[in-house]
1. For region 17-46, give me the residue count where each residue is assigned to a helix (DSSP H, G or I), open to solvent by less than 50 Å² (accessible area, probe 1.4 Å) and of a type in the set (A, V, I, L, M).
2. Conditions: (1) more than 30 Å from Ser12 (Cα to Cα); (2) free of Cβ contacts under 8 Å to residues at least 40 places away in the same chain; (3) open to solvent by 80 Å² or more (accessible area, probe 1.4 Å). Leu140 meets all but one. Number of the miss?
3. Look at Ile78 and say whether it is aliphatic (A, V, I, L, M) and touching a Leu at 6+ places or on another chain (Cβ under 6 Å).
4. Select, from Val74, Val116, the only residue that is open to solvent by less than 40 Å² (accessible area, probe 1.4 Å), under 25 Å from Leu11 (Cα atoms) and among the aliphatic types (A, V, I, L, M).
5. What residue, among those in region 1-13 that are of a type outside the set (A, V, I, L, M, F, W, C) and open to solvent by 60 Å² or more (accessible area, probe 1.4 Å), is modelled with the highest pLDDT?
6. Which of the residues spanning region 47-72 are within 23 Å of Leu32 (Cα to Cα), among the hydrophobic types (A, V, I, L, M, F, W, C) and part of a loop (DSSP other than H, G, I, E, B)?
7. Being among the acidic types (Asp, Glu), in contact with a Gly (Cβ under 8 Å, 6 or more places away or on another chain) and at pLDDT 95 or above is the filter here, so list the residues in region 14-56 that pass it.
Amino acid sequence: MRGLWLQEGKLSLREDLPEGAPGDGEARIRVLKAGVCSTDLELMAGYMPFTGVPGHEFVGVVEEGPKEWVGERVVGEINAPCGVCPTCLAGRGNHCPHRTVLGIVNRQGAFAEQTVLPVANLHRVPPEVSTEAAAFTEPLAAALRIEEQVANS
């Protein structure tokens with residue numbers, strides 16, 4: 001599989017990446033479009049150690065997973081919580097200390113032909129939304145999340 005590989009601040013195109021194998025409750029997604037975020041640039045600059053496929057803003061088509069998802073055009077939430085720790089059980093999975101984060105922490109990202117995410121993280125893209133517009137879902141969601149985290153004054 002082809003994809004971009006980040007290691008020690010250097011980005012390279014590789015053609016030997018293994019295809020993602022979805023586990024229980026996960027889906028393998030063929031990436032249609034992916035966006036470059038300042039987080040990706042910060043990872044290249046050494047903001048935090050990361051080796052692997054970066055990228056977390058994407059739209060794709062489910063190729064493998066539960067049958068009701070196969071063929072669906074989707075976007076995905078980037079945080080994959082463990083679901084069993086006290087933080088997750090308190091409904092704060094985005095802050096799970098054991099979570100993986102697509103293209104950022106312990107999970108290969110979307111700058112490759114395919115990526116893998118839990119089905120619980122996927123959102124179907126309505127037919128009237130273009131693939132190009134859908135690629136901006138994650139940055140829009142991040143911006144809207146700020147409102148949830150700031151106390152009203």
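1. 1
2. In the conditions (1) more than 30 Å from Ser12 (Cα to Cα); (2) free of Cβ contacts under 8 Å to residues at least 40 places away in the same chain; (3) open to solvent by 80 Å² or more (accessible area, probe 1.4 Å), Leu140 misses (1) alone.
3. On the way: aliphatic (A, V, I, L, M): yes; touching a Leu at 6+ places or on another chain (Cβ under 6 Å): yes.
Yes; evaluated as a whole, the condition is true for this residue.
4. Answer to the check: Val116.
5. Step one: list which residues in region 1-13 are of a type outside the set (A, V, I, L, M, F, W, C), which gives 2-3, 7-10, 12.
Subset that is open to solvent by 60 Å² or more (accessible area, probe 1.4 Å): 2, 7-8, 10.
Details: Arg2: 97, Gln7: 94, Glu8: 91, Lys10: 92.
Out of the qualifying residues, it is Arg2.
6. The answer is Val53, Trp69, Val70.
7. Passing the criteria: only Glu26.
The values are calculated or read from the model by the stated rules, or taken from the named source; none is laboratory data. Since this is a predicted model, take the numbers as computed values, not measurements. For neighbour counting, all protein chains shown are included, and Cβ atoms are generated from backbone atoms with ideal geometry for every residue, glycine included. Side chains are part of the model used for accessible areas, which takes the heavy atoms of the whole protein and leaves out ligands, DNA and RNA. Shrake-Rupley method; radii C 1.70, N 1.55, O 1.52, S 1.80 Å.
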